[in-house]
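J.: First the structure, then my questions, so here it is.
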Amino acid sequence: MSSASESLVRLKFWGTRGSIAVPGPETLRYGGNTTCIEVRADGEIIVLDAGSGIRPLGVALQKEFQSRPIRLSLLITHAHWDHIQGFPFFKPAYDSQNEIRVLGFDGAGATFREIMTEPMKSPFFPITMRELSARMDIHKLTEMKFSLGKVDVHAAFVNHPGVCAGYRIFTSAGSVAFLPDHEPYEFFLHSARGKQPSPERAKEIAADEQTALLQFLRGSDVLIVDSQYTDQEYKTHIGWGHGSISSAVTLALEAEIQTLLLFHHDPSHNDEMVDTMVESARELAMNSGTHLEVAGAQQGSEIVLEAKKIAAA
Ligand SMILES: [Zn+2]
Ligand SMILES: [Zn+2]
């Protein structure tokens with residue numbers, strides 16, 4: 001690898017789908033694998049979530065590193081299956097020379113360690129976390145700001161059933177915000193961290209949370225955000241924990257984002273449907289009179305932060 005390519009900050013989408021993997025001819029362009037993004041920045045390999053997309057990432061890493069050790073950090077947003085289910089199939093975890101740090105927050109009713117280890121216990125899986133060969137460090141996050149090497153990471157809890165984090169990754173070539181699962185606060189407030197408040201109080205909390213979220217996101221170069229539903233579909237999915245096309249665009253505009261990547265595609269949406277949704281998001285962005293760039297996250301595509309160009313691999 002040349003020093004020029006080492007200095008690049010690069011994102012690669014290995015899984016873009018929400019809820020469940022849907023491989024097949026109808027999802028070839030946007031992809032069928034669930035959430036997994038690889039970030040290469042400032043000497044670090046940071047993996048965002050371990051949906052089914054982490055399996056092909058593992059294969060690619062092994063091919064790239066051959067007999068050299070792999071050292072990486074895996075940041076988990078939350079415990080839902082589509083964000084952790086690929087982990088037992090991540091081959092680098094089965095090689096004793098590799099070091100894998102897995103970071104995330106305690107969930108609703110489960111510690112972070114339990115979230116990562118319980119699904120690998122019998123009868124769900126034949127190999128436990130403890131039996132993996134790689135040096136595994138399951139690290140429970142307690143701080144909202146931390147570092148992975150030279151890369152600073154900020155975390156925020158978002159609006160989703162249970163406990164769900166979003167991350168903003170500050171690289172030498174700009175920052176990337178990752179909110180794979182998030183429902184707009186203005187329509188529904190998930191109350192994992194306490195009892196359901198009164199409607200008046202809920203409104204106040206939602207407004208405060210929205211202000212804090214905008215502050216968290218403001219000025220990110222890239223925002224990868226939950227836009228699972230069309231605006232029409234969202235009306236019948238309020239409270240399901242996901243966003244819509246217009247909620248994604250509104251959030252990006254309010255937070256002064258440069259590039260918006262629509263993410264967590266609904267398993268029932270084929271490529272043509274996602275194309276239509278991307279088009280309508282672009283129209284909304286254009287009508288706002290700003291320079292917000294909009295694309296649909298495509299499995300296999302890459303973003304190089306310096307050039308801020310989205311190129312299909
Ligand atoms: Zn999800
Ligand atoms: Zn979820």
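The values are calculated or read from the model by the stated rules, or taken from the named source; none is laboratory data. Quick caveat: nothing in here was measured; it's all calculated off a predicted structure. Here the Cβ is made from the backbone with ideal geometry for all residues, glycine too, and neighbour counts use every protein chain on show. Please note that ligands, DNA and RNA were not included when accessible areas were found on the heavy atoms of the full protein model with its side chains. Shrake-Rupley method; radii C 1.70, N 1.55, O 1.52, S 1.80 Å.
J.: Plugging the Kirkwood radius over Cα pairs into Stokes-Einstein for the stretch 52-151, at a temperature of 25 °C and a viscosity of 0.890 mPa s, what D comes out in µm²/s?
T.: My calculation gives 173 µm²/s for D.
J.: Could you run the Debye sum over the Cα atoms of the stretch 1-68, one equal point scatterer each and no solvent, and tell me log10 of I(q)/I(0) at q = 0.14, 0.16, 0.21, 0.22 Å⁻¹, two decimals?
T.: -0.47, -0.60, -0.89, -0.94
J.: Also, I was wondering about something else. Roughly how many percent of the accessible protein surface of the stretch 99-192 is carbon and sulfur, given a 1.4 Å probe and a whole-percent answer?
T.: After summing per-atom areas, the C and S share lands at 51 percent.
J.: Now a separate question. Quick check on my link table: of LYS121/LYS195; LYS91/LYS121; LYS63/LYS91, which ones sit more than 22 Å apart, alpha carbon to alpha carbon?
T.: LYS121/LYS195, as the Cα separations exceed 22 Å there.
J.: Relative to the present Cα-Cα distance, how much length would full extension add between LEU214 and ASP106 at 0.36 nm per residue of separation?
T.: 36.5 nm
J.: What Kirkwood hydrodynamic radius, in Å, does the stretch 135-274 give when the mean of 1/r is taken over all pairs of distinct Cα atoms and then inverted?
T.: It works out to 15.9 Å.
J.: Related question: For the stretch 103-167, run through the chymotrypsin sites (Phe, Trp or Tyr not before Pro) and keep only the ones in DSSP coil with at most 12 other Cβ atoms within 10 Å of their Cβ.
T.: PHE124
J.: Rank SER52, ILE70, HIS160 by how far each Cα sits towards the positive end of the charge dipole of the stretch 30-172 (+1 on Lys, Arg Cβ; -1 on Asp, Glu Cβ) and give me just the farthest.
T.: Of SER52, ILE70, HIS160, it is ILE70.
J.: Quick check: convex hull over the Cα atoms of the stretch 1-127, volume per residue in Å³, rounded to an integer?
T.: Taking only Cα atoms, the stretch 1-127 has a hull volume of 123 Å³ per residue.
J.: Heavy-atom accessible area per residue, the chain, 1.4 Å probe: how many Å²?
T.: 46 Å²
J.: Let me ask you something else. With the contact rule set at Cα under 8 Å and sequence spacing of 6 or more, what percent relative contact order holds for the chain?
T.: Dividing the mean separation by the residue count of the chain yields 18 percent.
J.: For the chain, modelled as a Gaussian network with Cα springs under 10 Å, which listed residue fluctuates most, SER220, SER133, SER247?
T.: For the chain, modelled as a Gaussian network with Cα springs under 10 Å, the answer is SER133.
J.: Out of all Cα-Cα pairs in the stretch 84-143, roughly what percent, to the nearest whole number, are more than 16 Å apart?
T.: When all Cα pairs of the stretch 84-143 are counted, 43 percent exceed 16 Å.
J.: Using only the heavy atoms of the protein chains and a 1.4 Å probe, how would ARG113, ARG29 rank by accessible area, largest first?
T.: ARG113, ARG29
J.: Rounded to the nearest 10 Å², what accessible area does TYR94 show when all protein chains are kept and the probe is 1.4 Å?
T.: Around 80 Å² of this residue is reachable by solvent.
J.: While we're on this one: Along the three principal axes, how long is the stretch 231-313 when you take its alpha carbons, biggest first, rounded to the nearest angstrom?
T.: Principal-axis extents of the Cα atoms in the stretch 231-313, largest first: 40, 29, 20 Å.
J.: Counting each DSSP H run of 4 or more residues in the chain as -39500 (n - 2.57), what helix-only mean residue ellipticity at 222 nm follows after dividing by all residues, to the nearest 500 deg cm²/dmol?
T.: One gets -7000 deg cm²/dmol as the mean residue ellipticity at 222 nm.
J.: Moving on to the next point. Rounded to two decimal places and with Rh computed the Kirkwood way over Cα pairs, what is Rg over Rh for the chain?
T.: Taking Rh as the inverse mean 1/r over Cα pairs, Rg/Rh reads 0.95.
J.: In the stretch 207-313, which GluC sites (Glu not before Pro) are in a loop and have at most 14 other Cβ atoms within 10 Å, using DSSP for the loop call?
T.: Those satisfying the criteria are GLU256, GLU306.
J.: When only DSSP loop residues count, what trypsin sites (Lys or Arg not before Pro) in the stretch 127-186 have their Cβ near at most 15 other Cβ atoms within 10 Å?
T.: LYS150
J.: I would also like to ask the following. Sequence neighbours fewer than 8 away in the same chain don't count; with that in mind, list the aspartates and glutamates whose C-alpha is under 16 Å from LYS12.
T.: Leaving aside aspartates and glutamates fewer than 8 places away in the same chain, those within reach of LYS12 are GLU38, ASP42, GLU44, ASP49, GLU64, ASP221, GLU302, GLU306.
J.: Quick one, can you get me the convex hull of the C-alpha atoms of the stretch 147-226 expressed as volume per residue in Å³?
T.: Spread over its residues, the Cα hull of the stretch 147-226 gives 87 Å³ apiece.
J.: Where the accessible area of the stretch 1-85 is counted over protein heavy atoms with a 1.4 Å probe, how much of it, in %, is carbon and sulfur?
T.: It is 57 percent, rounded to a whole number.
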